[in-house]
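The values are calculated or read from the model by the stated rules, or taken from the named source; none is laboratory data. Just so we're clear, the structure is a prediction, and the values are computed from it rather than from any experiment. Here Cβ is always computed from backbone atoms with ideal geometry, including for glycine, and neighbour counts include all displayed protein chains. Ligands, DNA and RNA are stripped out before the accessible areas are found, and what is left, the full protein with its side chains, is counted by its heavy atoms. Shrake-Rupley method; radii C 1.70, N 1.55, O 1.52, S 1.80 Å.
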Amino acid sequence: MSHARWKSSRDRAVAESLAETPEIAAERAEIRLAMAFAKAVYDRRTELGLSQVEVAARAGLTQAKISRIEGADAVPTLSLLRRLAGALDASLTIALADDSEEVAFVSRSAA
């Protein structure tokens, strides 16, 4: 076997061993969604000039919970999404695709 063929065989073997499993791909998508949501909450909160404590009070949550959400350490339930949208005086839009996630809070006055 020539060196050129050996190298391409080795590269193929390495690429196959690094191929992402469906479970890892799903976990990566979940992490991307959590990060997109965290950024949307943080961006809207800072746009309104609110502290985490103020958003927590408006949503009936603790500041620690808001911190976990903004740190992408919490998986929000539907009721939590509704409470946060209300606390941030906005509608929440979530768009999911195979390779991307988009989360946005839209001001109720702009909607």
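Here the chain is assigned +1 on the Cβ of each Lys and Arg and -1 on the Cβ of each Asp and Glu. Its dipole about the Cα centre then comes out at about 140 debye.
Along the axis of the charge dipole computed for the chain (Cβ charges of +1 for Lys and Arg, -1 for Asp and Glu, origin at the Cα centre), the listed residues Leu50, Ala87, Val106 are led at the positive end by Leu50. Computed over protein heavy atoms with a 1.4 Å probe, the accessible surface of the chain works out to 68 Å² per residue.
Computed with a 1.4 Å probe on the full set of protein chains, the accessible area for Val103 sits at about 20 Å². Once the Cα atoms are used to define both axes, helix 3-17 deviates from the longest principal axis of the chain by about 30 degrees. The angle separating the long axis of helix 22-48 from the principal Cα axis of greatest extent in the chain is about 30 degrees. Here each label is just a point 7 Å from Cα along the line to Cβ, and for Leu48 and Val106 those points are 1.8 nm apart. A Förster radius of 22 Å, combined with the Cβ-Cβ distance separating Leu80 from Glu23, puts the computed FRET efficiency at roughly 0.30. Among the trypsin sites (Lys or Arg not before Pro) found in region 29-111, those both in a DSSP coil and sparsely packed, with 13 or fewer other Cβ atoms within 10 Å of their Cβ, are Arg108. Computed from Cα atoms, the angle from the helix 78-87 axis to the main principal axis of the chain rounds to 50 degrees.
Each semi-axis of the equivalent ellipsoid for the chain is √(5λ) with λ an eigenvalue of the Cα gyration tensor; in descending order they amount to 42, 14, 11 Å.
Determine the share of the chain's accessible area contributed by carbon and sulfur atoms, expressed in whole percent, with a 1.4 angstrom probe. Please list the in-between numbers first.
Values: 4130 of 7520 Å².
For the chain, the apolar C and S fraction of the accessible surface comes to 55 percent.
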